[in-house]
1. What about Y48, is it outside any loop (DSSP other than H, G, I, E, B), without any contact (Cβ under 8 Å) to a residue 40 or more places away in the chain and surrounded by 21 or more Cβ atoms within 10 Å (Cβ to Cβ)?
2. Would you tally the residues in the stretch 157-181 being closer than 17 Å to S78 by Cβ and without any contact (Cβ under 8 Å) to a residue 60 or more places away in the chain?
3. For I109, work out the one condition from (1) more than 28 Å from L31 (Cα to Cα); (2) among the aliphatic types (A, V, I, L, M); (3) touching a Phe, Trp or Tyr at 6+ places or on another chain (Cβ under 9 Å); (4) in contact (Cβ under 8 Å) with a residue 60 or more places away in the chain it doesn't fulfil.
4. From the list L110, L51, exactly one residue is modelled with pLDDT of 85 or more, under 26 Å from P183 (Cα atoms) and hydrophobic (A, V, I, L, M, F, W, C). Which is it?
5. For the list (1) in contact (Cβ under 8 Å) with a residue 40 or more places away in the chain; (2) open to solvent by less than 40 Å² (accessible area, probe 1.4 Å); (3) farther than 29 Å from D29 by Cβ, I need the number of the one condition that M187 fails.
6. Among G83, G76, G94, G98, which is the only one that is free of Cβ contacts under 8 Å to residues at least 24 places away in the same chain and under 16 Å from L31 (Cβ atoms)?
7. Could you please give the count of residues in the stretch 67-82 that are within 13 Å of L45 (Cα to Cα) and in a helix (DSSP H, G or I)?
Amino acid sequence: MTALLAHVPHVCLSEPLGNWRHLLAVIWDFLSLSLFSLGGGNTLLNEYHHLAVDKYCWLNSRQFADIYALAEAAPGPSSMIVGLIGMGAAVHEGPLWGVLSGVSAEAAILLPSTLLMVAASLSWNRLREAPVRIAFERGLGPITLGILFAVGLKILRISDHDTPAYAMSAVVCLLMLRTRISPLWFMAVAAVLGLLGLVNR
């Protein structure tokens, strides 16, 4: 019997945001994540994916990748993806509820980290020559780079599903490291290749 149950696919049921109790629970999740956004909002992308796709089942991986692309293409901070996730999670409850959910999620991810940075900035210069500040800053560099590398792998896994897409990602990565070509050109070329059907997901 156990062996049979092991082969039953897991059915992911979307968590409704049509009442205040569920909405507040989601806001609390993003509030608790806010203080861990070392190096910017993108460092939490793995956790955003876990919440939106695996835990609450608001989106599938393809929708998540599309929202990530929109957030990166739009002007503003990378944490804009949180507002889009919140809006996408609740928009089927009605447009006003979708906007409320999006704004609440965005405020929840920005508020704690912003308050912490303001408080730190007021005293950080006084520790300019302190060994603890130097050690702290040097230690955070490799940690942040490692997290960003993991985020890049996550995006590859959820968005690239055929050989041409993986090849294009590898070429763009190489050119970004070796040249000073603006990322906007890569985005434009990728959009044209997608429209022509040469790259599919």
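1. Considered against the rule, which asks whether it is outside any loop (DSSP other than H, G, I, E, B), without any contact (Cβ under 8 Å) to a residue 40 or more places away in the chain and surrounded by 21 or more Cβ atoms within 10 Å (Cβ to Cβ), Y48 comes out as yes.
2. 1
3. For I109, the exception is condition (1).
4. Details: L51 fails: under 26 Å from P183 (Cα atoms).
Result: L110 is the single residue among L110, L51 that is modelled with pLDDT of 85 or more, under 26 Å from P183 (Cα atoms) and hydrophobic (A, V, I, L, M, F, W, C).
5. With respect to (1) in contact (Cβ under 8 Å) with a residue 40 or more places away in the chain; (2) open to solvent by less than 40 Å² (accessible area, probe 1.4 Å); (3) farther than 29 Å from D29 by Cβ, M187 is out only on (2).
6. After applying the criteria, what remains is G83.
7. 8
Yes/no per residue for (1) open to solvent by 30 Å² or more (accessible area, probe 1.4 Å); (2) modelled with pLDDT of 85 or more; (3) under 21 Å from I147 (Cβ atoms); (4) of a type in the set (F, W, Y):
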{"residue": "E15", "(1), (2), (3), (4)": "yes, no, no, no"}
{"residue": "L23", "(1), (2), (3), (4)": "no, no, no, no"}
{"residue": "S37", "(1), (2), (3), (4)": "yes, no, yes, no"}
{"residue": "L44", "(1), (2), (3), (4)": "no, yes, yes, no"}
{"residue": "S61", "(1), (2), (3), (4)": "yes, yes, yes, no"}
{"residue": "F64", "(1), (2), (3), (4)": "no, yes, yes, yes"}
{"residue": "A73", "(1), (2), (3), (4)": "yes, no, no, no"}
{"residue": "V82", "(1), (2), (3), (4)": "no, yes, yes, no"}
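The values are calculated or read from the model by the stated rules, or taken from the named source; none is laboratory data. Because the structure is predicted, anything quoted here is derived from the model rather than measured. Glycine gets a Cβ as well: all are built from the backbone with ideal geometry, and neighbour counts include every protein chain shown. What goes into the accessible areas is simple: the full protein's heavy atoms, side chains included, and nothing from ligands, DNA or RNA. Shrake-Rupley method; radii C 1.70, N 1.55, O 1.52, S 1.80 Å.
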